[in-house]
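Working notes, beginning with the structure itself.
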Amino acid sequence: MVLCGSGVSAESGVPTFRDAMTGLWERYDPMQLATPEAFASDPALVWQWYQWRRQLVHEVAPNPAHYALAELERLLPRLTLITQNVDGLHQRAGSADVVEFHGNLLTDICPAAGCGYRGAGGEPADEASGPPPCPQCGVGLRPAVVWFGEAIPGDALDRAFAAVADCDLFFSVGTSSLVYPAAGLAEQALAAGVPVVEINPNPTPLTPAADHVISAPAGTALPAVVESLRQPVHQQDG
Ligand code: OAD
């Protein structure tokens, strides 16, 4: 299984969260933009920030890391791809089965209790000012991302825990391994004796515990992993 973080999209031009100088949380306060409380107190500000991020994602393309992961899905008999990324770039690169642990930036949901509306978000430029009304109930929509203090979608959590309990190799790619429960998946794999490979140009709290560390950008390392799988395996006699 593969757990991805924002470093996987960095080479597409999508900013990470915690990298010095370029990380979103270096420039913006997550408590004012990425919490249910922030949305309740200033829905227009929060909406506009997410529209800016939507616009950014519309303007970029998947990079070799995303394409390599899509290829890995085709090459291996079984692969569970868990992503913390909300940008939809895995799907655009051709990954058919993506577990979106932190939701999806390009989808709208209705926050009203009992409504349940979920649909594709509109064009960022057309909806720049504030949350558009829910087509079902009229309440202002929100992006389908997981905010601080919110639960991970139950089906994503179930699939992630099931996959980690049943995998034979765990890749942690482009994540700072600081945000739980996602960061706990690698710990769970290590505790079960599953080999853990980290791909990240910078050290993280996972680095000392990982079985293998590939200290390189995902856009270089993942295509190399795929290439190595394509090489014919030279079996020993017998
Ligand atoms: P972070 O910004 O915390 O970490 C990004 C990681 O990517 C760092 O460890 C970088 O070293 C690494 N990195 C940068 N460029 C890379 C590259 N080209 N190839 C590989 N790695 C690279 O982002 P996440 O770990 O994704 O949650 O953050 C986890 C969660 O925190 C996010 O999903 C988001 C954020 O708050 C929510 O919004 C709920």
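The values are calculated or read from the model by the stated rules, or taken from the named source; none is laboratory data. Not measured: the values here are computed from a predicted model. Here Cβ is always computed from backbone atoms with ideal geometry, including for glycine, and neighbour counts include all displayed protein chains. These accessible areas exclude ligands, DNA and RNA; they are computed on the full protein's heavy atoms, side chains included. Shrake-Rupley method; radii C 1.70, N 1.55, O 1.52, S 1.80 Å.
Annotation note: of GLY7, GLY88, the sole residue that is near the ligand (Cβ under 9 Å from one of its atoms), out of contact with any Phe, Trp or Tyr (no Cβ under 6 Å at 6 or more places or on another chain) and at pLDDT 95 or above is GLY7. Among the residues making up the stretch 40-59, those that are touching a residue at least 12 places away in the same chain (Cβ under 8 Å) and either within 24 Å of PHE171 (Cβ to Cβ) or among the small types (Gly, Ala, Ser) (or both) are ALA44, VAL57.
Out of ASP168, ASP237, ASP126, one residue alone is over 22 Å from ASN63 (Cα atoms), surrounded by fewer than 19 Cβ atoms within 10 Å (Cβ to Cβ) and modelled with pLDDT of 95 or more. It is ASP168.
Assess whether GLY121 counts as being modelled with pLDDT under 95 and touching a Lys or Arg at 6+ places or on another chain (Cβ under 8 Å). So GLY121 fits the description; yes.
Of the set (1) open to solvent by less than 20 Å² (accessible area, probe 1.4 Å); (2) within 12 Å of the ligand (Cβ to nearest atom); (3) more than 26 Å from PRO131 (Cβ to Cβ), all apply to VAL2 but (2).
For (1) away from the ligand (no atom under 16 Å from the Cβ); (2) farther than 25 Å from GLN32 by Cβ; (3) hydroxyl-bearing (Ser, Thr, Tyr); (4) open to solvent by 50 Å² or more (accessible area, probe 1.4 Å), each residue gets a yes or a no:
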residue	(1), (2), (3), (4)
GLY119	yes, yes, no, no
GLY149	no, no, no, yes
VAL179	no, no, no, no
ASN200	no, yes, no, no
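A search for C-beta distances below 7 Å between a residue of the stretch 85-102 that is closer than 18 Å to VAL60 by Cβ and in a loop (DSSP other than H, G, I, E, B) and any residue that is open to solvent by 10 Å² or more (accessible area, probe 1.4 Å) and more than 16 Å from the ligand (Cβ to nearest atom), counting only pairs 6+ apart in sequence or on different chains, returns SER95/GLU73.
Please determine, by comparing only the residues of the stretch 202-221 that are in a strand (DSSP E or B) and surrounded by 15 or more Cβ atoms within 10 Å (Cβ to Cβ), which one is farthest from the ligand (Cβ to nearest atom). Taking the candidates together, the pick is VAL213. In the stretch 24-39, the residues that are open to solvent by less than 100 Å² (accessible area, probe 1.4 Å) form Cβ pairs under 6 Å with partners that are in a helix (DSSP H, G or I), at six or more places apart or across chains, as follows: LEU33/VAL46; LEU33/TRP49; ALA38/GLN32; ALA38/VAL46; PHE39/VAL46. crowded, with 20+ Cβ neighbours inside 10 Å, among the acidic types (Asp, Glu) and within 12 Å of the ligand (Cβ to nearest atom), is that true of GLU100? Answer is yes for this residue.
For the stretch 26-42, the criterion of being more than 30 Å from VAL139 (Cα to Cα) and either β-branched (Val, Ile, Thr) or within 18 Å of the chain's Cα centre (by Cα) (or both) is met by none of the residues. Considering only the stretch 194-214, I want to know if a residue exists there that is farther than 30 Å from ASP29 by Cα and touching a residue at least 40 places away in the same chain (Cβ under 8 Å). No; the residues of the stretch 194-214 include none that is farther than 30 Å from ASP29 by Cα and touching a residue at least 40 places away in the same chain (Cβ under 8 Å). ALA160 meets all of the listed conditions (1) away from the ligand (no atom under 13 Å from the Cβ); (2) surrounded by fewer than 21 Cβ atoms within 10 Å (Cβ to Cβ); (3) of a type outside the set (Phe, Trp, Tyr) but one, namely (2). Restricted to the stretch 136-182, and to residues there that are of a type in the set (A, V, I, L, M) and in a helix (DSSP H, G or I), the residue that is nearest to the chain's Cα centre (by Cα) is ALA182.
Residues of the stretch 54-63 that are surrounded by fewer than 20 Cβ atoms within 10 Å (Cβ to Cβ) and either in a helix (DSSP H, G or I) or out of contact with any Ser or Thr (no Cβ under 7 Å at 6 or more places or on another chain) (or both): GLN55, LEU56, HIS58, GLU59.
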